[in-house]
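The next block holds one structure in the form of C-alpha cells; read it before the comments.
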Amino acid sequence: MYLRAGNAFINSESGFIPSHLWFILSDPAKDSEHVLIVNATSAFHGRDVDSSCILKPGEHPFIRHESYIFYDGTRQTTSQKLKEGFEAEMLRFQESVSDELLLRMRTGLMQSSHTEERYKALLRAQGLVP
C-alpha cells in the first residue's frame with residue numbers, strides 16, 4: 001500500500017469519533033514515522049470557522065457543502081498505523097486532492113492560529129513549505 005501526500009480517506013464512525021474526510025499533508029516517503037493528517041469539517045452557521053482553508057462543493061467529490069480544514073484537529077501518525085487502519089477497514093480511501101488544493105491546505109496550516117507549531121515545523125523540515 002502506497003501512501004502519499006494528498007491522499008484522502010474517511011474514518012469509520014466509532015464510539016465518540018464521528019466519521020470525517022481526512023487528508024495527508026506531509027510526505028510519508030520522506031518520513032513514515034511523522035505523517036501529518038487534517039480533516040474537513042462542515043461550516044455550519046454559528047460555528048467558529050477557521051477561514052484559513054475553506055472548501056467549496058466540488059473541490060473534492062466528497063465535499064457537498066461548504067467546509068473548512070479543522071487545523072485545531074491536526075494529528076500526527078505513522079504510515080504503519082494508517083496502513084493498519086486500512087487493512088482493518090477502519091479507514092477507506094477517497095479520491096486524492098489536486099496539487100493546487102494540497103498547496104492551499106498546507107498554506108492554510110501555516111497561516112492558521114489554530115495550528116500547533118510542531119506541525120508547522122514538520123512541514124518545514126520536509127521542505128514542503130517555506
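Rounded to the nearest 0.05, what FRET efficiency is calculated for residue 87 and residue 16 with R0 set to 35 Å and r the Cβ-Cβ distance? Display every interim value, and only then the final one.
Working: r = 23 Å, r/R0 = 0.66.
After rounding, the FRET efficiency stands at 0.90.
Average projected area of the Cα convex hull of the range 8-125, in nm²?
7.4
Run through the range 48-130 and list the trypsin sites (Lys or Arg not before Pro) located in a DSSP loop whose Cβ has at most 16 other Cβ atoms within 10 Å.
When the trypsin sites (Lys or Arg not before Pro) of the range 48-130 are filtered for loop state and at most 16 Cβ neighbours within 10 Å, 64 remain.
Readers should treat all values here as calculations from the given coordinates under stated rules, not as data from a laboratory. Since we're looking at a predicted model, the values are computed, not measured. Neighbour counts are summed over all protein chains in view; Cβ atoms, including those assigned to glycine, are modelled from backbone coordinates with ideal geometry.
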